[in-house]
Amino acid sequence: MLFYDSENYCCPFIAVCLQPWWEGIENDGCFCCVCADGNECTKASAQSCGECIQAGEKCGWCTDEDFLKQGEQKSTRCDEIEALIKKGCSKASIEDPRGTVTVNKNQSLTDRTKDGVKLKPDQITQIQPQKLTLDLRSGEAQTFNLTFKRAEDYPIDLYYLMDLSYSMKDDLENVKNLGTDLMFEMQKITSDFRIGFGSFVEKTVMPYISTTPAKLLNPCTSDQNCTSPFSYKNVLSLTADGSQFNNLVSKQQISGNLDSPEGGFDAIMQVTVCANQIGWRNVTRLLVFSTDAGFHFAGDGKLGGIVLPNDGKCHLQENMYTMSHYYDYPSIAHLVQKLSENNIQTIFAVTEEFQPVYQELKNLIPKSAVGTLSSDSGNVIKLIIDAYNSLSSEIILENSRLPEGVSISYISHCKNGVSEKGENGRKCSNISIGDQVTFEVAVTAKGCPSNGKSETIKIKPLGFTEEVEIVLNFICECECHEDGIPNSPACHFGNGTLECGACRCNEGRIGRVCECSKDEVRTEDLDANCRMDNGTDICSNNGDCVCGTCECKKRDNPEERYSGKFCECDNFNCDRSNNKLCGGHGRCECRKCICDANYTGSACDCSLDTSTCLASNKQICNGRGTCECGVCKCTDSKFQGPTCEICPTCPGVCTEHKDCVQCRAFGTGDKKDTCEKECSYFSLIIKKKKEELPQPNDQPYINHCKERDANDCWFFFTYATKNDSTVEVHVAEELECPSGPDIIPIVAGVVAGIVLIGLALLLIWKLLMIIHDRREFAKFEKEKMNAKWDAGENPIYKSAVTTVVNPKYEGK
């Protein structure tokens, strides 16, 4: 990536961004400037105030009729607010409408019981506020908070939808007592609970069922008594009577079909959209879908010759779905839409074999849960309770379809200070009854959606009937638009509307004040007015000739612009210093630098400020030079440095004044005879000890000196030049003289050294003798071991042993 400063020069070490259109980029720990895409306001080339404010939230329109300079286009009125002020437009003349948020309905959150009175379901408030109006300016987000609180004892409607194919025979026996048992358990959660029951099998056409007359009467084997196949049947609408549930369900019979997947999606669709027949209230709606098989979905109906898509409408007659042979199965997306519209939360109670299939389906259906059903549905109550607790503890916000050009974002503020953005910003989990959570909602419009007409969107928590209504009004025009003067004389004899300080031309007219017809734009006579000094270049090749007037081109950099009657001027082709336009100390007007105060030169690179030339003694260039453009020019050849204070061949201050200080303070030294004559140029102050001398912080420009006299003694003094140019010297009376040698330690040291050296030599001699003796002894031992002695026998020696052999012995 290339990095640039504000003048388009590479700047790998630039520390700050110098102009507002350059964005800060961190590069190897250094903050540099990289060219941004540009100013959206100037890029829009807006011809009216309305077009300008639609370009972006930072854009403003200058209504001052005298704002435009010669050669500038009408679109120059549209820019960022700071840029317009910088160009000379007063803040009062800038149109910059802002969006607003108005709360129209804001009822307080309530529980089921209020002041000891149990409220009706439609009187309970769980989300606040309930209605708002937003005035949206293009690009400007309008933010508001939605608060949700789970009400205690909130009513629940539960519809149990069961697969009655033959494989669910044993499950039906356990469900027959579900009504009273489930009613008992749900009373622990809510005092207002209703339950209903429905069943499904399959579409009543081949190849899903057998259509032979016998099989239509009894689809099971001859020894089994089964009811005729059907698609969906509403057995019991929602009721608070659990015993009625048990009574009706106990009368149900198993049916049968041919293929393994069932027609459950048809049943779910009818249960969802037939609100009156099912008896749904505007409360928490739960649909328990119980099966041990898979499902058919959109497109599978072709196997039975059914090609019409599901219409998503209610077709129940006498509680039976009558159009299963006519409409295809619904798609998953269609089901999701209808379940969401009707605030129904689905619980899939399926056997372990089909868990993976329904887990994938759950991921596609918001506010749904999956539970593992035992082989005989014996655990269905626990499954429903667990699934309800899981669903009700999660809040998910959903909005209706947004108008084109409108976007919405959420930030959730959940329990324990947890906040999320993006898709997770719609959700809060682990919400208990009485818990309160907040969602920060931001709505943004781009341009002028719906041609400026008001739109209404709705936001609601999934699974709940309450919703927030939001009316969107779009700011597409400025306030000054209403004050426009049609056919204004200021617009070339009434050829346009004077609106917001500029002319909005009538059809067929162009020009800054609508002075030309479109047919006259390219005539030679008009072009001649755009040539400077009768030259050949039209508008200096920096603009277009419109109606005999130059309209200068725009640059990619919005701060760079052409101007002048013939676009002959610009504000970016001036002299540069240190790669900066006008040295960074002036502005460029018509290719000449207009320098800031205290700067001069063609590139404003010469500073008139002399503070940089002040020496440590507060003199300009130490009195030995002149200050030119903020830099010292030393006139004394011996001196150098930024303030002419460095003199490599000059003695130091201490050495230079040593003799005078010595003669005046102590009456000694080389100048003691001429002291009064040569050393009266400073005032002398005597101190007893060197610690009493002035310290560096006591007064500025002080030199601390330490010098040696003829007796090798050190004396200490300070030399300082005061603001009135007088010299002040402080001297310490106490000298530091070297003391004579101490004889006794020296003699003792020499004697001790001689003794120690003698002992060391004796020890070395003794060690060498021991080494030598050991070597001689070792040599003797070795020769002793190598000696050879005579080994012959003694001639007078006789053995004491006599051997006798028996002559008769034969060795047996």
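The values are calculated or read from the model by the stated rules, or taken from the named source; none is laboratory data. Values in this document were obtained by computation on a predicted structure and should not be read as measured data. All Cβ positions, even for glycine, are placed from backbone atoms using ideal geometry, and neighbour counts span all protein chains on display. We work out accessible area using only protein heavy atoms, side chains counted, and drop any ligands, DNA or RNA first. Shrake-Rupley method; radii C 1.70, N 1.55, O 1.52, S 1.80 Å.
Worth pointing out:
- Residue match in region 630-640 (condition: among the aliphatic types (A, V, I, L, M), touching a helix residue (DSSP H, G or I) at 6+ places or on another chain (Cβ under 8 Å) and open to solvent by 30 Å² or more (accessible area, probe 1.4 Å)): yes
Yes or no, residue by residue, for (1) modelled with pLDDT of 90 or more; (2) open to solvent by 60 Å² or more (accessible area, probe 1.4 Å); (3) of a type in the set (S, T, N, Q):
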residue	(1), (2), (3)
CYS10	no, yes, no
VAL34	no, no, no
ASP37	no, yes, no
GLN70	no, yes, yes
GLN73	no, no, yes
LYS87	no, no, no
ASP96	yes, no, no
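- Checked against the criterion of being of a type in the set (A, V, I, L, M, F, W, C) and open to solvent by 20 Å² or more (accessible area, probe 1.4 Å), region 275-284 has at least one qualifying residue.
- Here region 178-192 is the region considered, the condition is being buried (at least 21 other Cβ atoms within 10 Å of the Cβ) and in contact with a helix residue (DSSP H, G or I) (Cβ under 6 Å, 6 or more places away or on another chain), and the residue that is modelled with the lowest pLDDT is GLY179.
- Here GLU57, GLU26, GLU65 are screened, and the one residue that is under 30 Å from CYS530 (Cβ atoms) and either outside the structural domain of VAL441 (by the TED database) or modelled with pLDDT of 50 or more (or both) is GLU65.
- Of the residues making up region 585-614, those that are outside any strand (DSSP E or B), touching a residue at least 12 places away in the same chain (Cβ under 8 Å), open to solvent by 20 Å² or more (accessible area, probe 1.4 Å) and closer than 22 Å to LYS87 by Cα are HIS585, CYS590, ARG591.
- Against the numbered list (1) open to solvent by 30 Å² or more (accessible area, probe 1.4 Å); (2) closer than 30 Å to ARG531 by Cα; (3) of a type in the set (A, V, I, L, M, F, W, C), PHE572 comes up short only at (1).
- Annotation note: Cβ proximity below 7 Å between a residue of region 172-199 that is among the polar types (S, T, N, Q) and a residue that is part of a strand (DSSP E or B) (sequence gap 6+ or interchain) occurs for GLN187/PHE193; THR190/ILE156; SER199/MET162; SER199/LYS233; SER199/VAL235.
- When GLU477 is tested against (1) crowded, with 20+ Cβ neighbours inside 10 Å; (2) farther than 30 Å from THR456 by Cα, only condition (2) is not met.
- Region 707-722, residues that are of a type in the set (Lys, Arg) and at pLDDT 80 or above: ARG708
- Scanning region 111-144 for residues that are within 24 Å of THR284 (Cβ to Cβ), in a loop (DSSP other than H, G, I, E, B) and open to solvent by 20 Å² or more (accessible area, probe 1.4 Å) turns up ASP111, ASP115, GLY116, LEU119, LYS120, GLN130.
- Residues that are under 15 Å from ALA349 (Cβ atoms) and either in a helix (DSSP H, G or I) or open to solvent by 20 Å² or more (accessible area, probe 1.4 Å) (or both), drawn from region 164-177: SER167, MET168, ASP170, ASP171, LEU172, ASN174, VAL175
- The single condition from (1) crowded, with 20+ Cβ neighbours inside 10 Å; (2) assigned to a loop (DSSP other than H, G, I, E, B) that ASN622 fails is (2).
Per-residue answers, yes or no, for (1) closer than 23 Å to ASN622 by Cα; (2) surrounded by fewer than 15 Cβ atoms within 10 Å (Cβ to Cβ); (3) acidic (Asp, Glu):
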{"residue": "GLY667", "(1), (2), (3)": "no, yes, no"}
{"residue": "ALA732", "(1), (2), (3)": "no, no, no"}
{"residue": "ASP742", "(1), (2), (3)": "no, yes, yes"}
{"residue": "ILE771", "(1), (2), (3)": "no, yes, no"}
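- Within the set ASN247, ASN225, ASN218, the sole residue that is of a type outside the set (Phe, Trp, Tyr), surrounded by fewer than 15 Cβ atoms within 10 Å (Cβ to Cβ), more than 58 Å from the chain's Cα centre (by Cα) and over 26 Å from THR346 (Cα atoms) turns out to be ASN225.
- Top-ranked residue in region 127-154 [being at pLDDT 90 or above and in contact with a helix residue (DSSP H, G or I) (Cβ under 9 Å, 6 or more places away or on another chain); ranked as nearest to ILE395 (Cα to Cα)]: LEU136
- Residues (surrounded by fewer than 16 Cβ atoms within 10 Å (Cβ to Cβ) and modelled with pLDDT of 80 or more) located in region 536-548: ASP537, ASN541, ASP544
- Of all the numbered requirements in (1) touching a Lys or Arg at 6+ places or on another chain (Cβ under 9 Å); (2) closer than 18 Å to SER340 by Cβ; (3) surrounded by fewer than 20 Cβ atoms within 10 Å (Cβ to Cβ), LEU397 misses one, and that requirement is (3).
- Of all residues in region 518-534 being open to solvent by less than 60 Å² (accessible area, probe 1.4 Å) and modelled with pLDDT under 80, the one that is farthest from LYS69 (Cα to Cα): THR523
- Of residues in region 480-497 being over 24 Å from ASN451 (Cβ atoms) and open to solvent by 30 Å² or more (accessible area, probe 1.4 Å), the one farthest from the chain's Cα centre (by Cα): PHE493
Here is a yes/no grid of residues against (1) without any contact (Cβ under 8 Å) to a residue 12 or more places away in the chain; (2) at positive phi; (3) hydrophobic (A, V, I, L, M, F, W, C); (4) touching an Asp or Glu at 6+ places or on another chain (Cβ under 9 Å):
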site	(1), (2), (3), (4)
LYS91	yes, no, no, no
VAL101	no, no, yes, yes
THR110	no, no, no, no
ASP115	yes, yes, no, no
LYS120	yes, no, no, no
ASP135	no, no, no, no
PHE144	no, no, yes, yes
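- Within region 62-83, tally of residues that are among the charged types (D, E, K, R), in contact (Cβ under 8 Å) with a residue 24 or more places away in the chain and part of a loop (DSSP other than H, G, I, E, B): 4
- Taking the criterion of being within 25 Å of GLY463 (Cβ to Cβ) and either not assigned by the TED database to the domain that holds ASN234 or not in a loop (DSSP other than H, G, I, E, B) (or both), the residues of region 283-320 that qualify are THR284, ARG285, LEU286, LEU287, VAL288, PHE289, SER290, THR291, PHE295, LEU316.
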